[in-house]
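Student: Questions regarding the structure given below will be posed in turn.
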Amino acid sequence: MSSAAPRATGPDHLWSVDEHLEDILATVRPLEPIELNLLDAQGCVLVDDITVPVSLPPFDNSSMDGYAVRVADVAGASEEFPAVLEVVGDVAAGQADLLQVGPGQAARIMTGAPLPPGAETVVPVEWTDGGLGEGPVSGMRARSLAPEGAEGEVHVYRPAEARAHVRAEGSDVRVGDRALEAGTVLGPPQIALLAAIGRGTVRVRPRPRVVVLSTGSELVQPDEELRSGQIYDSNSFALTAAARDAGAIAYRVGAVADDAEILRSTIEDQLVRADLMVTTGGVSVGAYDVVKEALAHVGDEDEPGSGVEFRKLAMQPGKPQGFGSIGPDHIPLLALPGNPVSSYVSFELFVRPAIRALMGLDDVHRPTARATLTADKALTSPKGRRQFLRGTYADGAVTPVGGAGSHLIAALAHADALIVVPEDVESVEPGTEVEVVLLG
């Protein structure tokens with residue numbers, strides 16, 4: 001993380017969403033590349049273009065189980081007048097020494113096996129009698145059970161065009177082609193391609209390690225008994241899952257009580273496994289907002305450039321936010337509000353882009369769309385605040401889910417989009433086109 005000069009602002013300055021995000025993205029830098037084995041690289045971002053060193057397929061091969069033959073030998077073949085060919089042996093996948101197919105001959109061939117010299121096409125076994133002399137068959141008998149199938153005669157009941165059922169060398173990719181571009185996220189198909197062209201390792205930016213920590217003496221872990229005044233800790237689970245969904249390796253820390261020294265010590269202990277830290281709760285103006293108390297003055301002479309700044313943003317939900325760096329390695333820390341919806345919306349707007357930036361991706365944002373608002377009544381929004389309402393999006397329309405309250409977890413669970421109401425808009429009538437952030 002680089003150290004950007006702080007903006008000249010007063011304590012009552014109301015930051016815009018865009019200003020806060022700009023600050024975050026200006027200071028978070030992609031992680032350094034490393035070489036990883038293919039399966040360890042899953043979910044990582046490719047650093048270099050990958051050029052194909054060997055064509056795929058590397059040789060002409062059969063796409064069917066059947067017989068490799070010459071076109072002229074099966075021309076005009078029918079069930080009434082089948083072509084009768086001498087079977088000269090088997091060609092199996094992985095076989096190096098290939099048979100020669102001459103006039104009037106056929107080689108029994110398996111899917112993926114190289115097309116033998118002299119052969120021009122492949123006749124599926126279903127177009128033949130399989131060497132049994134009893135009419136069309138549905139498949140081949142196992143060689144171990146019927147080795148005689150690799151010799152004798154085969155009756156072919158249909159003609160085949162040249163190179164029918166043949167996968168041509170290089171028909172997938174050719175030597176020198178660009179297999180994958182730098183910036184590609186490596187999923188199962190990409191890893192399959194790398195393995196297919198012989199790459200056992202690849203240079204990538206690693207998945208960021210994100211530590212998620214919730215605060216609040218009222219928080220209890222799921223499956224524990226609730227006592228008076230207590231609630232279950234949902235934020236740390238939601239944000240850890242969201243971090244993993246964004247591509248990170250995420251670690252959840254159990255809720256920390258409202259004690260500034262314990263919180264500071266816990267954060268320091270977690271720095272060893274963090275590329276990014278996320279806290280939730282304790283950032284507002286209450287007497288027990290310990291994140292603010294613990295981190296507001298964390299930077300000192302021994303760690304120049306460190307420190308977390310707490311801000312008020314012109315948004316709803318999520319007005320109180322904190323951002324900065326901590327520790328000798330200047331690990332980025334984002335401090336989010338504690339209300340569940342505020343916390344999750346803040347994650348989507350600020351933490352997810354930071355994770356994607358650490359991964360080295362160019363596009364760090366969720367996709368957006370324009371949608372027609374379908375609602376029973378107009379939506380209201382506070383003047384000067386950019387509001388993010390939960391909604392469901394389908395077929396170019398979006399419908400609000402739940403109210404504007406920042407505690408409505410059930411409504412959030414049914415939403416797949418955020419409806420964006422700009423700062424200068426106080427009312428949105430049904431039928432109005434709005435911007436939506438797509439979460440799914």
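Student: Assuming Tyr67 fulfils every condition listed in (1) farther than 30 Å from Asp363 by Cβ; (2) surrounded by fewer than 14 Cβ atoms within 10 Å (Cβ to Cβ); (3) hydroxyl-bearing (Ser, Thr, Tyr) apart from one, which condition is it?
Tutor: Among (1) farther than 30 Å from Asp363 by Cβ; (2) surrounded by fewer than 14 Cβ atoms within 10 Å (Cβ to Cβ); (3) hydroxyl-bearing (Ser, Thr, Tyr), Tyr67 violates only (2).
Student: Could you grab the pairs with beta carbons closer than 9 Å, sequence gap of 6+ or different chains, first residue in segment 109-120 and closer than 17 Å to Ala142 by Cα, second one open to solvent by less than 20 Å² (accessible area, probe 1.4 Å) and part of a loop (DSSP other than H, G, I, E, B)?
Tutor: What qualifies is Ile109/Pro116; Ile109/Ala119.
Student: Just to be sure before I move on: is Ala241 of a type in the set (A, V, I, L, M, F, W, C) and farther than 25 Å from Arg311 by Cβ in the structure I sent?
Tutor: yes
Student: Do we find that Gly318 is open to solvent by 30 Å² or more (accessible area, probe 1.4 Å), of a type outside the set (Asp, Glu), on the phi > 0 side of the Ramachandran plot and assigned to a loop (DSSP other than H, G, I, E, B) in this structure?
Tutor: So Gly318 fails the test.
Student: Still on this structure, I have one more. Please determine whether any residue of segment 246-255 is in a strand (DSSP E or B), touching a helix residue (DSSP H, G or I) at 6+ places or on another chain (Cβ under 7 Å), open to solvent by 10 Å² or more (accessible area, probe 1.4 Å) and more than 30 Å from Ala41 (Cα to Cα).
Tutor: Start the filter on segment 246-255 by keeping residues that are in a strand (DSSP E or B), which leaves 249-255.
This time we only want the ones that are touching a helix residue (DSSP H, G or I) at 6+ places or on another chain (Cβ under 7 Å), so: 250-253, 255.
Next, from what is left, pick out any that are open to solvent by 10 Å² or more (accessible area, probe 1.4 Å): 251-253, 255.
Retained after the next criterion (residues that are more than 30 Å from Ala41 (Cα to Cα)): 255.
Yes.
Student: Does segment 325-340 hold any residues that are over 28 Å from Ile409 (Cβ atoms) and not in a loop (DSSP other than H, G, I, E, B), and which are they? Let's see the steps before the verdict.
Tutor: Step one: list which residues in segment 325-340 are over 28 Å from Ile409 (Cβ atoms), which gives 325-331.
Ser325, Ile326, Ile331 - these are the residues of segment 325-340 that are over 28 Å from Ile409 (Cβ atoms) and not in a loop (DSSP other than H, G, I, E, B).
Student: So if I check each of Arg207, Arg199, Arg227, which one is basic (Lys, Arg), in a loop (DSSP other than H, G, I, E, B) and more than 30 Å from Val364 (Cα to Cα)?
Tutor: Answer to the check: Arg227.
Student: Also, quick follow-up: Out of all the residues in segment 256-282, which are under 21 Å from Arg29 (Cβ atoms) and open to solvent by 10 Å² or more (accessible area, probe 1.4 Å)?
Tutor: Listed by number, the residues that qualify are Gln270, Leu271, Val272, Arg273, Asp275.
Student: Same structure again: Out of all the residues in segment 406-440, which are among the β-branched types (Val, Ile, Thr) and in a strand (DSSP E or B)?
Tutor: Those that are among the β-branched types (Val, Ile, Thr) and in a strand (DSSP E or B): Ile419, Val420, Val421, Val428, Val434, Val436, Val437.
Student: Now for a different question. Condition first: of a type in the set (D, E, K, R), touching a residue at least 12 places away in the same chain (Cβ under 8 Å) and surrounded by fewer than 22 Cβ atoms within 10 Å (Cβ to Cβ). Now tell me which residues in segment 209-245 satisfy that.
Tutor: Arg209, Glu218
Student: Residues in segment 244-259: is at least one under 24 Å from Glu293 (Cβ atoms) and of a type in the set (Ser, Thr, Tyr)? Explain how you work it out, then say what you get.
Tutor: The initial filter retains those residues of segment 244-259 that are under 24 Å from Glu293 (Cβ atoms), namely 251-259.
Cutting the leftovers down to of a type in the set (Ser, Thr, Tyr) gives us 251.
There is at least one residue in segment 244-259 that is under 24 Å from Glu293 (Cβ atoms) and of a type in the set (Ser, Thr, Tyr).
Student: I'm checking my understanding of the structure. Among residues of segment 8-63 that are hydroxyl-bearing (Ser, Thr, Tyr) and over 30 Å from Gly200 (Cα atoms), which one is least open to solvent (accessible area, probe 1.4 Å)?
Tutor: Let us first name the residues in segment 8-63 that are hydroxyl-bearing (Ser, Thr, Tyr), namely 9, 16, 27, 51, 55, 62-63.
If we keep only those that are over 30 Å from Gly200 (Cα atoms) as well, we get 9, 16, 27.
On the way: Thr9: 54, Ser16: 31, Thr27: 10 Å².
Ranking the candidates gives Thr27 first.
Student: Any idea how many residues of segment 139-179 are farther than 22 Å from Ala93 by Cβ and polar (S, T, N, Q)?
Tutor: Count: 0.
Student: What's the number of the condition Gly104 fails, among (1) among the small types (Gly, Ala, Ser); (2) touching a residue at least 60 places away in the same chain (Cβ under 8 Å); (3) surrounded by 13 or more Cβ atoms within 10 Å (Cβ to Cβ)?
Tutor: (2)
Student: Would you say Val88 is on the phi < 0 side of the Ramachandran plot, open to solvent by less than 20 Å² (accessible area, probe 1.4 Å), touching a strand residue (DSSP E or B) at 6+ places or on another chain (Cβ under 7 Å) and not aromatic (Phe, Trp, Tyr)? Break it down stepwise before answering.
Tutor: Values: on the phi < 0 side of the Ramachandran plot: yes; open to solvent by less than 20 Å² (accessible area, probe 1.4 Å): no; touching a strand residue (DSSP E or B) at 6+ places or on another chain (Cβ under 7 Å): yes; not aromatic (Phe, Trp, Tyr): yes.
Considered against the rule, which asks whether it is on the phi < 0 side of the Ramachandran plot, open to solvent by less than 20 Å² (accessible area, probe 1.4 Å), touching a strand residue (DSSP E or B) at 6+ places or on another chain (Cβ under 7 Å) and not aromatic (Phe, Trp, Tyr), Val88 comes out as no.
The values are calculated or read from the model by the stated rules, or taken from the named source; none is laboratory data. Note that the structure is predicted; figures quoted are calculated from it, not measured. Glycine also receives a Cβ, built like all others from the backbone with ideal geometry; neighbour counts cover every protein chain displayed. With ligands, DNA and RNA removed, areas are computed over all heavy atoms of the protein, side chains included. Shrake-Rupley method; radii C 1.70, N 1.55, O 1.52, S 1.80 Å.
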